[in-house]
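J.: One structure coming up, written as structure tokens, with questions to follow.
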Amino acid sequence: MTADDVRIIRPAAILDERAAAGVLVELDRLDVSVGGTWSASSSLWQRYDRAWDGPGGTRGSAQLVGSIAVMYDAPNRHQITLYKVTVTDVGRTAGWTVEAVTDDALGWVGLSLATCPRAELSQPPVRDPFKRSLGSEPSST
């Protein structure tokens, strides 16, 4: 058994209010409890190979193929940030990739991992604020 394929999305993918609402409607429609293949919470969207078929609505024989770690209302209200995607061994064996799992969720609003808007990264400071420059020793008065 090999380790899961994990990718940190840098810069993070950002769904605007319209796209976020559209994706959430579809993930709800495709919920594993109603015959779909997605289980979405406020921090993790999980893609399964089939609907949950266990007793009392449990997972049963369904296998997790991948997960998308998300933050709601980030960076702004009503936006969703996607920052990490994992593909399990089961998913990889079935042909899933990081892009395929993400595209499966985003495709409902006409986006893919490649076309999803990204977070704007600020530039790091030019000078390290924690280093003293030469000649700036504190005075002893």
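J.: If Lys and Arg each add +1 and Asp and Glu each add -1, what is the summed charge of the other residues whose beta carbon sits under 10 Å from the beta carbon of I80? All intermediate terms of the calculation are to be shown ahead of the outcome.
T.: Values: positive: none; negative: D16, E17, D73.
So the environment of I80 carries a net charge of -3.
J.: Once you place label points 7 Å from the Cα toward the Cβ at E120 and K84, how far apart are they in nm?
T.: That separation, rounded to one decimal, is 2.7 nm.
J.: On a C-alpha basis, how far is the centre of segment 38-73 from the centre of segment 1-35 in Å? Whole number, if you could?
T.: Centre-to-centre distance over Cα atoms comes out at 10 Å.
J.: Another question, if that's okay. Could you list the square roots of 5 times each eigenvalue of the Cα gyration tensor of segment 5-109, that is, the equivalent ellipsoid semi-axes, sorted largest first and rounded to whole Å?
T.: 23, 17, 10
J.: Another question about this same structure. Looking at segment 5-109, what % of its DSSP beta bridges pair antiparallel, to the nearest 5?
T.: Details: 22 of 23 bridges.
If we restrict to bridges inside segment 5-109, about 95 percent are antiparallel.
J.: Let me ask something additional. State the extension gain, in nm to one decimal, for the chain segment bounded by V6 and S43, taking 0.36 nm per residue of separation less the distance between their alpha-carbons.
T.: My answer for the length gained is 11.7 nm.
Any read-out appearing in this document is the output of simple, stated calculations on the displayed coordinates, not a laboratory observation. What you see is a predicted model, and the numbers here were worked out from it, not measured in a lab. Note: ideal-geometry Cβ built from the backbone for every residue, glycine included; neighbour counts use all protein chains shown.
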